[in-house]
Amino acid sequence: MTNDPNEHNDPNTHPHGHNIDHDEAHAEITKWERRWLSLSALISLTFVAFIAYSLVVEGAHIAQGTERATPAQLLSQDMFVQPSVTELSPGNFQVSVVAQAYSFNPPEIRLPEGATATFFLTSRDVLHGFQIENTNVNVELIPGEVSSFQYTFDRPGEYRVVCNEFCGVGHHNMMSRLVVVEADEYEEEVLLAQQRLEQAQASNEAWRVSGEAVYASNCTGCHQANGQGIAGAFPPLAEHAVNLLRADGGRDYLANLQLYGLQGPIEVLGATYNGNMPAWKQLSDDDIADVLNYVLHTWGNDELLPDDFELYSPDEIAALRDQDLDADAMYARRQQLGLD
Ligand code: CUA
């Protein structure tokens, strides 16, 4: 031992010599190292145990990316062109869903009690979520990928479906419903819908049914089911749609709005809105004509229509396609409409 005063301050110093000091210090460190390693192993095992427990008790529904393609290729598939609920065999349903900012299409999924549904989901634009509340269904919808899973709905009731991935200004409004009804009731609903469509077709007003469906699928996320829009972002269509139609050049403008979108702050009925109307040219000529006619006949708009109003026709929409227009050009056109 030396008389170096520093050595007395060293907690690892041992009276029998430097070598032993080192060994003991090393043993001490090793002991703590082992403790930390055991602790982290224990934490990992706890997580694994919880996952194993939930797999056994709750069952697993892990969505699998079954396909990968460009979003355009995917969306041209039948099931995504017209997202819907299809009964494949008694009790077995196929549900296809397309998400886009800020809505799910279809906006409501109805299934009979006990139905086993195979879901196929994708996104048209950005990453969205698909969470069915009060179930363990929670998947990501990725542009260019199809998420698929199966689920059996044993309890009748209304389940809220929410987007749980932040996707933009309308994210908090992005939701839809899944309704499980009793089997008899479901059969009756299917029958009634069929009758309603046949009646509309018989009176040459199929556009009322189809336009309503197109609106519900694509427009409610922003303009809302009641046509009142969302303050500050998306303008109301009640009254306003007819004002656009009546403006000079308004008829074409209204149709072009569906094909090319609109970007920029606008004033509508005394309030300012600064959302973003996407272009909807992926919709068919029939769908666009139908939804325009539906909007112009709903929420009191039919009362305001000019007497000589004629329904939009699919041919009229087709003739407006392939113009050199975009959302900015549409904004410039809007300034020339001479709205009040
Ligand atoms: Cu879609 Cu959040």
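The values are calculated or read from the model by the stated rules, or taken from the named source; none is laboratory data. Keep in mind that this is a model prediction, so the values were computed, not measured. Quick reminder, even Gly has a Cβ in these numbers, built from the backbone with ideal geometry, and neighbours come from all protein chains shown. To get the accessible areas, we keep the full protein, side chains included, count just its heavy atoms, and leave off ligands, DNA and RNA. Shrake-Rupley method; radii C 1.70, N 1.55, O 1.52, S 1.80 Å.
Things worth noting here:
- Within the accessible surface of the chain, defined with a 1.4 Å probe on protein heavy atoms only, the carbon and sulfur portion equals 51 percent.
- Rounded to the nearest 20 debye, dipole of the chain from Cβ charges on Lys, Arg, Asp, Glu: 380
- Isotropic mean projected area of the C-alpha convex hull, segment 153-197 (nm²): 4.7
- Taking the chain as a Gaussian network of alpha-carbon nodes connected by springs under 10 Å, the highest mean-square fluctuation of the residues Asp324, Asp285, Asp315 belongs to Asp324.
- Degrees, to the nearest 10: 206-218 long Cα axis against longest axis of the chain: 20
- Stokes-Einstein D for segment 249-310, Kirkwood Rh over Cα pairs, 25 °C, 0.890 mPa s (µm²/s): 187
- Efficiency of FRET between Gln82 and Ala319 - r from beta-carbon atoms, R0 30 angstrom, step 0.05: 0.80
- Among beta bridges from DSSP that stay inside the chain, the antiparallel ones total about 70%.
- Sequence ranges 136-144, 95-103, ranked by mean other-Cβ count within 10 angstrom, highest first: 95-103, 136-144
- Beta bridges from DSSP with both residues in segment 39-174: antiparallel share about 75 percent, rounded to the nearest 5.
- Projected label distance in nm at Glu267 and Gln73, using a 7 Å step from Cα toward the beta-carbon: 4.9
- Rough spin-label spacing in nm, given labels placed 7 Å along Cα→Cβ, for Ala225 and Asn92: 3.2
- Here the peptides 189-200, 238-249, 117-128 are ranked by packing, the mean other Cβ count within 10 Å, and the order with the highest first is 117-128, 238-249, 189-200.
- Nitroxide proxy distance, nm - points 7 Å out along Cα→Cβ at Asp307 and Asp252: 2.7
- Accessible area per residue for segment 225-340, computed on protein heavy atoms with a 1.4 Å probe, is 50 Å².
- Highest mean packing comes first when the peptides 209-215, 277-283, 71-77 are listed by Cβ atoms within 10 Å, giving 209-215, 277-283, 71-77.
- With all projection directions averaged, the alpha carbon convex hull of segment 193-314 covers 7.6 nm².
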